[in-house]
Amino acid sequence: MIKVYNTLTRKKEIFKPMKENRVKIFVCGPTVYDSSHIGHARTYISFDVIARYLKYRGFAVFYLQNITDIDDKIIKRALETGEVTLKLARKFEKKYIEDMEALGVKNVNLYARATEHLPEIIKQIETLLSKGFAYETESGVYFDESKFPEFGKLSNRNIEDLNVHRVNPDTTKRNSGDFALWKKKDETPFWDSPWGTGRPGWHIEDTAITEEYFGPQYDIHGGGLDLIFPHHEAEIAQMESASGKKPMVRYWMHTGFLNVKGEKMSKSLGNFITIKELLEEYPPEVFRFFVLSTHYRSPIDFSQEILEQSQSGLKRIFKLAETVEDLLESEIPETNENDASHSKLLTDTKENFLEAMDNDFNTPFALSSLFDFIREINRDINDSSISKDTLKNIKIFLEEIGDILGFDFLLTESHDDLTEELVGILTSIRKKLREQKEWELSDEIRSKLGDLDIVIEDKK
Ligand code: AMP
C-alpha cells in the first residue's frame, strides 16, 4: 500500500487512482527561455522516480508534461537577443529534452506545447466567461477570484488576508487577485481569439492541456514548491469552476527546493549551475544519487562536497555489482551453508526498501536499507562464504532496485553486449545494401557509426 503526502490535505494518504490501476500524472514543465539548471533537474528526477515506482507497483502510468513556450520571459529574452520568440523557445525546449535524456529522465509519455493548444485554451476561457467566472476588460480576460471562495485552499491562505497585501496596478480588474486568462496584445507572437489578438495567461495553458488529455479530474499533479501559489491555486480555480467537478486533482505533490547556501537555486538570483555544466564534471548517476539521498519534499543543499560524498556512496553500490559479476564468473560453490541466512537478509532488505518507497517515496530510507545490506554482505564476500545462488539473487535484486531508482548498476556488460548486437545488425544490413549497389545508404550508415566512434573498414 503506497502512501502519498497530499499538499491539499496536508496529510499522507493511501494512494488510490481514480480509475482502476491507471495513474494520470501531470507535472508542470519548464518555461523554455534559457538552459535548465540543476534545481529543475531535482524536481524532474524526483518525479521520474515516482513514475518508475508506481509502474514497478503495477500501475499503468501516463505521465504528461507541458512546455511553456509562450510567456513574458521568453518574449523579453528574444527581444534581448534579437531572436524570433518561437525559435528561441524551440531551441531551449530541445536543450531541455536533451538534458532530461542525459539525466535518464525518460518516463514522460507526452510533452505538450502551450502554443499547440490554443483552441483548447480559448474553449476553456469561453466556458469560464459563459459561467460567469471570468470577465473581459480592455486589457484582457480575467478570472474573477471572488467567484471562487475556495481560492487559497491548496496553499492554506485566506483570500481576504491575501488581498490586504495586494496592490492592484491594473484598475480595469475587479479584484487585485484576478489573474489573466487572455492578454490582449498585438506584438508577435499573437493568436486570434474571440477577444481580439493576444496570448494566453500562464495558468490556463496547464488546465487546457490536462483537460484535453485527462479530462477535468485526474490523479497526480506535481511541481516544485514555488508553484503552489499562485500557479496551482489558479489552476484549481479555473478547472473546478469550468467543470463544476471537484477535486480537479486527487494528490498534489510538491518537491522541495535545491538550494545553494540556503537560497533557492534560480535564474534570477544568478546562483545556478546548468545541467550541462554539471554533466561535464560528473556522471548523471552521481547527481541522481545526490537527489535521491534526500526526501523529495525536503530542501536539498547543493555543494561540491556533498556531490563528492554522493559519488563515493554510489561507488559502493557499483562496486558490489562488479564483485557479484566477477564472482559469478569464478570457481565458487553453487550453494553453501549460508544460503538460508543470506536469503533472509535479502528478503528483509527488499522489504525495508519497498516499505520506505511505499511511505511517500522515501528514497533516503530505501537507500539506507541498501547500504546496511552492502555492509553485511561484504563481510561474507570478503570471507569467501558466499555461493553462486546468493550472488544470482543479489544480481536480480540490484537490477530490480536499479530499475526503480533509475540506475543501471550492472550496466557495463549488458550495454556492451547490446552495442555489439546492434552494430552487427547494422553492418549486415549495410553489406546487403552494398551488394545491391546502394552506395549512398551504405555510406550513410558508415558515416553515422563513425560519428559514434565506431569505424567500419571495407576490405577485400
Ligand atoms: P520553471 O521553468 O521555472 O517554471 O521551473 C520548472 C520546474 O522546476 C518547476 O516545477 C519549478 O518548481 C522547478 N524548480 C525551479 N527551480 C527549482 C529549484 N531550485 N529546486 C527545485 N525545483 C525547482
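The values are calculated or read from the model by the stated rules, or taken from the named source; none is laboratory data. Note that the coordinates shown come from a computational prediction; the quantities given were computed from them, not determined experimentally. Using ideal geometry, Cβ is built from the backbone for each residue, glycine included, and neighbour counts are taken over all protein chains shown. All accessible areas refer to the heavy atoms of the entire protein, side chains included, with ligands and DNA or RNA removed. Shrake-Rupley method; radii C 1.70, N 1.55, O 1.52, S 1.80 Å.
Table for the structure above
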quantity: Any hit, the stretch 235-256, residues being closer than 26 Å to residue 361 by Cβ, in the same structural domain as residue 130 (by TED's automatic domain parsing), open to solvent by 10 Å² or more (accessible area, probe 1.4 Å) and among the aromatic types (Phe, Trp, Tyr); calculated: no
quantity: Matching residues, the stretch 32-67, being among the β-branched types (Val, Ile, Thr) and either away from the ligand (no atom under 13 Å from the Cβ) or in contact (Cβ under 8 Å) with a residue 60 or more places away in the chain (or both); calculated: 32, 38, 43, 45, 49, 50, 61
quantity: Matching residues, the stretch 248-271, being away from the ligand (no atom under 13 Å from the Cβ) and not hydroxyl-bearing (Ser, Thr, Tyr); calculated: 248, 249, 250
quantity: Yes/no for residue 334 being farther than 28 Å from residue 286 by Cβ, open to solvent by 20 Å² or more (accessible area, probe 1.4 Å) and of a type in the set (Asp, Glu); calculated: yes
quantity: Checklist (1) surrounded by 16 or more Cβ atoms within 10 Å (Cβ to Cβ); (2) outside any helix (DSSP H, G or I); (3) within 23 Å of the chain's Cα centre (by Cα) applied to residue 58, failing item; calculated: (1)
quantity: Some residue of the stretch 236-247 being touching a Phe, Trp or Tyr at 6+ places or on another chain (Cβ under 8 Å) and within 8 Å of the ligand (Cβ to nearest atom); calculated: no
quantity: Selected residue (only one of 26, 59 is touching a His at 6+ places or on another chain (Cβ under 8 Å) and at pLDDT 95 or above); calculated: 26
quantity: Positions within the stretch 29-43 being part of a helix (DSSP H, G or I) and open to solvent by 10 Å² or more (accessible area, probe 1.4 Å), in sequence order; calculated: 39, 40, 43
quantity: Condition check for residue 321: of a type outside the set (S, T, N, Q) and under 29 Å from residue 14 (Cβ atoms); calculated: no
quantity: Residue in the stretch 91-104 that is assigned to a loop (DSSP other than H, G, I, E, B), touching a residue at least 12 places away in the same chain (Cβ under 8 Å), out of contact with any strand residue (DSSP E or B) (no Cβ under 6 Å at 6 or more places or on another chain) and not aliphatic (A, V, I, L, M) present; calculated: yes
quantity: Selection within the stretch 121-149 - part of a loop (DSSP other than H, G, I, E, B) and open to solvent by 50 Å² or more (accessible area, probe 1.4 Å); calculated: 131, 138, 149
quantity: Residues of the stretch 288-331 that turn out to be among the basic types (Lys, Arg) and surrounded by fewer than 15 Cβ atoms within 10 Å (Cβ to Cβ), as a count; calculated: 3
quantity: Condition met for residue 198 (in contact with a strand residue (DSSP E or B) (Cβ under 7 Å, 6 or more places away or on another chain) and within 16 Å of the ligand (Cβ to nearest atom)); calculated: no
quantity: Some residue of the stretch 207-220 being under 26 Å from residue 265 (Cα atoms), buried (at least 24 other Cβ atoms within 10 Å of the Cβ) and under 22 Å from the mean Cα position of the chain (by Cα); calculated: yes
quantity: Scan of the stretch 257-274 for residues that are open to solvent by less than 10 Å² (accessible area, probe 1.4 Å) and in contact with a His (Cβ under 7 Å, 6 or more places away or on another chain), ordered by number; calculated: 265
quantity: Some residue of the stretch 4-22 being within 13 Å of the ligand (Cβ to nearest atom), acidic (Asp, Glu) and at pLDDT 95 or above; calculated: no
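Yes/no matrix, rows are residues, columns are (1) open to solvent by less than 10 Å² (accessible area, probe 1.4 Å); (2) of a type outside the set (A, V, I, L, M):
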| site | (1), (2) |
| --- | --- |
| 5 | no, yes |
| 21 | no, yes |
| 27 | yes, no |
| 65 | yes, yes |
| 69 | yes, yes |
| 79 | no, no |
| 91 | no, yes |
| 95 | no, yes |
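Per-residue answers, yes or no, for (1) assigned to a loop (DSSP other than H, G, I, E, B); (2) outside the structural domain of residue 31 (by TED's automatic domain parsing); (3) of a type in the set (Asp, Glu):
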| site | (1), (2), (3) |
| --- | --- |
| 115 | no, no, no |
| 151 | yes, no, no |
| 173 | yes, no, no |
| 187 | yes, no, yes |
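Yes/no per residue for (1) within 29 Å of the chain's Cα centre (by Cα); (2) open to solvent by 30 Å² or more (accessible area, probe 1.4 Å); (3) of a type in the set (Lys, Arg); (4) under 18 Å from residue 322 (Cβ atoms):
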site	(1), (2), (3), (4)
349	yes, no, no, no
359	yes, yes, no, no
381	no, no, no, yes
403	yes, yes, no, no
408	yes, yes, no, yes
423	no, yes, no, no
438	no, yes, no, no
443	no, yes, no, no
454	no, yes, no, no
